[in-house]
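As structure tokens, the structure follows; a few thoughts come after it.
The values are calculated or read from the model by the stated rules, or taken from the named source; none is laboratory data. The shown structure was predicted, so the numbers you read here are calculated from the model rather than taken from an experiment. Counting neighbours? That spans all protein chains shown, and the Cβs are built from the backbone with ideal geometry, glycine included. Keep in mind that these areas ignore ligands, DNA and RNA; they rest on the heavy atoms of the full protein, side chains included. Shrake-Rupley method; radii C 1.70, N 1.55, O 1.52, S 1.80 Å.
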Amino acid sequence: MNKLTLSLISILVFFNQNAISKESNYIDYFNKIYAKQIYIKNFEDFQQQLIENGFTDKKWIQYTLYQNGLRKNEIDALKEPRMIYLPVPKKSKIPEFKKNLNDKNKLVCTLLSPDDLKKNVNYKTLYPDFKSYVFSRKLTNAKVGTTEEVLLQDKFYYEDLSRWVAFTDTINKDSDRPSEGYFLPPCYEEIIIKKVKAPEVKKEPEAKKEPPKERNETFFGQLSLGNVVIKSNDDLNSKFDLSFLKMGLSIQKPINKFNYRMGIAVNNYISIKFTSDNTSSSANKIKYYFDYLFGVSKQEDNHYLTLQYDNLNYLLNINKPNQVNLNPVRVDRLNLLDAYSLNNDYAVLGGIAYFPSLFSKADGHEISVGLRRTFSKALSFSALYFRNNITKDSITNTANGFVINSIYQF
């Protein structure tokens, strides 16, 4: 593996580690205030609990999965119950004696969501990230009394008080904050339009907030490093040792129960060595070529099945059997792939492929096996071994290869 390859892989891993920063911990505070927590055992239990909590429409299944960053196969693979958030909180009743401590005309404390900060330029100027927003309201004087008493005496009214007490205690225990001072929930009047009780003013009924639309398209960046050894059954017993680096980009869109994907990749042969009965050499005259793909996938229990067409540039020994003539050839490949999930982190990969002579007049077959390791929702690595036989101009080229893939989802 050369220095260029090591650098590219290091950059990709560093980029992903920065993306998964502490910022997500502070965004999670928002979810804890506005979502009810439940524990699920499997997908059937998940559906049943949604119904029991009033989410009878099937659209809430995909919405809740998206909100919690989960997939169906990850739920079915659970070995122990897992906590997730529901879209709407369960409001707890506040005793009457606590209500009396509040001014009836206080404004309801409402948090800005992470999306509010991103979309509103004025908010973004004040708070560069969600963490800055969470710690933006500091108590002027020293804290007196319990957290509950401090909130009841605040200028805002707190619905579902127990959740707000837990929220306030959590942010004040954060190790990154200074030891002096006490922080209150960052309530803001700019977005608060309702009051606890104001019978003297008639207000139009508030429009129900539509749940955020799930982004249908998903993009994947790919970086692959591989090596393949090709033997040709010509009169000179030619053998080729090739190393390549591939970078690609693809887009995936769900339609009904299927995921459709298309993509493009640039393939660079970084090392080419060949030997035969009368010569041996190394060269790198063949450089950049493009590959294309189109595929359709479907989840079936722990299996993720894909039928994919690839249009590839492949280096083959062609023309006369008694001459070494290594040239790039466009080949067509129909590939049936399966990723079987062992658990949330690992999956076994396998595939069988056929090379029909559609455009290139080269035909053959291929098998592949491998293992994938998922580090987060965004980043995964896989190692894959493949073997194929491709015939072109009466010369059969047998290849054995190994590829390391890194895929980043965004």
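List of remarks:
- Overall Cα dimensions of the stretch 239-357, principal axis frame, Å, largest first: 56, 26, 25
- Computed E for LYS138/ASN237 - FRET, C-beta separation, R0 56 angstrom, nearest 0.05: 0.10
- TYR182 - accessible surface, heavy atoms, 1.4 Å probe, Å² rounded to 10: 30 Å²
- Rounded to the nearest 20 debye, dipole of the stretch 221-341 from Cβ charges on Lys, Arg, Asp, Glu: 340 debye
- Spin-label model distance (nm) - ARG330 vs HIS303, 7 Å beyond Cα toward Cβ: 3.3 nm
- If R0 equals 22 Å, the separation of the Cβ atoms of LYS72 and GLU217 corresponds to a calculated FRET efficiency of about 0.70.
- Cut-off under 5 Å, modelled amide H: who pairs with LEU358 long-range: ASP332
- On the principal axes of its alpha-carbon atoms, the stretch 128-187 has extents of 28, 22, 18 Å, going from largest to smallest.
- Stretchable slack from LYS253 to ASP160, in nm (0.36 nm times residue separation minus alpha-carbon distance): 29.6 nm
- Virtual spin-label span in nm between ASP277 and ARG387, 7 Å along Cα→Cβ: 2.6 nm
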